[in-house]
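Working notes, structure below.
The values are calculated or read from the model by the stated rules, or taken from the named source; none is laboratory data. What you are looking at is a predicted structure, and each value in this text was computed from that prediction instead of being measured. Positions of Cβ are generated from backbone atoms using ideal geometry, with glycine treated the same way; all protein chains shown enter the neighbour counts.
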Amino acid sequence: MEGSGVKVDTIYCGDACELLEQWAPGKVDLAFADPPYNIGYIYDKYQDDLPDQQYVAWCRRWMAGCQRVLKADGAFYIAIGDDFAADLRIVGRELGLHLRNWIIWHYTFGQNTRAKFARAHTHILYFTKHPDRFVFNDRLLRYPSARHTEYQDLRASPLGRLPDDVWDDFPRVCGTFRERAGFHGCQLPEALLTRIILASSNPGDVVLDPLLGSGTTAVVAKRLGRKYVGIDISEEYVGHARERLKQVRDESRAQPQGHRWPELHEDMLAQLYRETKVSAANLLPNEVALRVIAASLSARTGAQYDAGQVRERLQLLADKNKLPKLPNDTAFVARSHVKSEGKRYVRQVKRWEGRRGKAEESRGGARNAI
C-alpha cells in the first residue's frame, strides 16, 4: 500500500472515520467491522448509547470510509445486532454496495430474558463493491453434507457442500476458551473470521478492521498469510491487540512434518468436524465423508491430506478430548444435585442505565437477567 498513506501489518490508534477519509482509495481487498451495537455496553473510549439518528450517521461515515478504500472487487462484512441491522443494510445500498448475503450467526448461550424470547444471534451483512466481480473461494468453505455422512451416496459431489446463510458452527467465545484474550468483552471467535477471510480474500491480500476491538480480525489475517490493518480509538485495546499479535505467526505455508501437524491445520480439521455435525463414532468409519473432509482440509491449508490421515488425526484428537463438542454426541448419566439451597451465580452486566434502559422500564419491559 505504498503511497496510500497507510502501512500494512499495523494497528492504528485513532478515530476510524478520520483516518479512513485520509487514506488513498482502492487499496483494501476485504473489510470486516464489528461496531458497538448502541445498546449501552461499556467500552473504554466510546459511549454506546447514542440517539438513533446520530448512531446511524456515525455508522454511515465509517461505512463510507471503508467503501472508499476497498478495491473494485473488494468485499465488506458487518456484524450488527437486531436494532440497527436494517438501517445499515439501507446505508449500504445508498453507498452503492451490493448485498450478497444477510447471514445469521446463531449461537448458544444467548442472553437470558424474562419478558421476550432469548436473543441468540448476530446479523452479518455481506456486501461487495461490484455486483459481479468479487473474490469468493468456495472450495475453501465446503464440508460433507448428509448425502455423504448419513447416506454415503457416491453420487454426491466429492467436494462437499457450501455453508448456508445461517451459521451455527461457531460458539461464542466463553471465558474458559483457550483463545479468550480477556481484555475485551465482545471478542469474536477466530473460526468465524477464518471462514470470512478464507471466503473473500487470498494470501497476501489486505484485510481491514476499522473498529478492531479485541484484535481477532488482525490475528486471523496474520495467521492465514494476509496483510492486516486495524484501527481502534482506545489506547488500551490497541496495546492489548498488539501484544496478542506478537503471539501469532503466519501459518499459511506450514506443512505437516510426519505425524506432526501445524496447529492451524488441526484447528481447521476441528472446525470441519464441527461443521459436519456428526460424532466421531459415526464419522470415523465413513470413508465417503472422510474423503470430502480431506479434500476440503487440503484446499484450506494448501497441504495434501487423504482420508486415512484425516481418520487418524480425528481419532487422536478424540482420544485427547480435543474435538469440539457436538449436541448430544456423547451419552451421559443424569446426576442428582437436589438440595434445599444451591449455588447461585450472580453476573455483573456491564451496561449503562442510559436512555434505552429508562425507556424500557417506563414501558414495563424487563432487563436482561440470568
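Could you check, for the stretch 185-192, whether at least one of its residues is at pLDDT below 85, farther than 24 Å from G92 by Cβ and surrounded by 18 or more Cβ atoms within 10 Å (Cβ to Cβ)? Scanning the stretch 185-192 turns up at least one residue that is at pLDDT below 85, farther than 24 Å from G92 by Cβ and surrounded by 18 or more Cβ atoms within 10 Å (Cβ to Cβ).
So how many residues does the stretch 72-101 have that are farther than 23 Å from G213 by Cα and either in contact with a His (Cβ under 8 Å, 6 or more places away or on another chain) or assigned to a strand (DSSP E or B) (or both)? Number satisfying all stated conditions: 6.
Taking A120, is it hydrophobic (A, V, I, L, M, F, W, C), assigned to a strand (DSSP E or B), touching a Gly at 6+ places or on another chain (Cβ under 6 Å) and surrounded by 15 or more Cβ atoms within 10 Å (Cβ to Cβ)?
Yes: the conditions hold for A120.
The residue of the stretch 72-83 that is surrounded by the fewest Cβ atoms within 10 Å (Cβ to Cβ), among those that are touching a Pro at 6+ places or on another chain (Cβ under 9 Å) and not small (G, A, S), is I80.
Out of curiosity, is Y151 at negative phi and outside any loop (DSSP other than H, G, I, E, B)?
So Y151 fails the test.
Scanning the stretch 130-147 for residues that are in a loop (DSSP other than H, G, I, E, B) and touching an Asp or Glu at 6+ places or on another chain (Cβ under 7 Å) yields a count of 4. One residue stands out in the stretch 239-255 among those that are of a type in the set (K, R) and in contact (Cβ under 8 Å) with a residue 40 or more places away in the chain: the one that is surrounded by the fewest Cβ atoms within 10 Å (Cβ to Cβ), namely R253.
Mind listing whichever residues of the stretch 20-71 are in contact (Cβ under 8 Å) with a residue 60 or more places away in the chain, farther than 16 Å from G213 by Cα and not in a loop (DSSP other than H, G, I, E, B)? L20, V28, D29, L30, G65, C66, Q67, V69 - these are the residues of the stretch 20-71 that are in contact (Cβ under 8 Å) with a residue 60 or more places away in the chain, farther than 16 Å from G213 by Cα and not in a loop (DSSP other than H, G, I, E, B). For A72, the requirement of being touching a Gly at 6+ places or on another chain (Cβ under 6 Å) and either assigned by TED's automatic domain parsing to the domain that holds R133 or of a type in the set (S, T, Y) (or both) is not met.
A quick yes/no check of all residues on (1) among the polar types (S, T, N, Q); (2) in the same structural domain as R195 (by TED's automatic domain parsing); (3) crowded, with 17+ Cβ neighbours inside 10 Å; (4) at pLDDT below 55:
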residue	(1), (2), (3), (4)
Q271	yes, no, yes, no
E275	no, no, yes, no
E312	no, no, no, no
L326	no, no, no, no
V346	no, no, no, no
K350	no, no, no, no
R355	no, no, no, yes
S362	yes, no, no, yes
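Residues in the stretch 35-66 that are surrounded by 18 or more Cβ atoms within 10 Å (Cβ to Cβ) and touching a Cys at 6+ places or on another chain (Cβ under 7 Å): P35, W62, G65. Of the residues making up the stretch 256-274, those that are within 25 Å of K325 (Cβ to Cβ) and touching a residue at least 24 places away in the same chain (Cβ under 8 Å) number 13.
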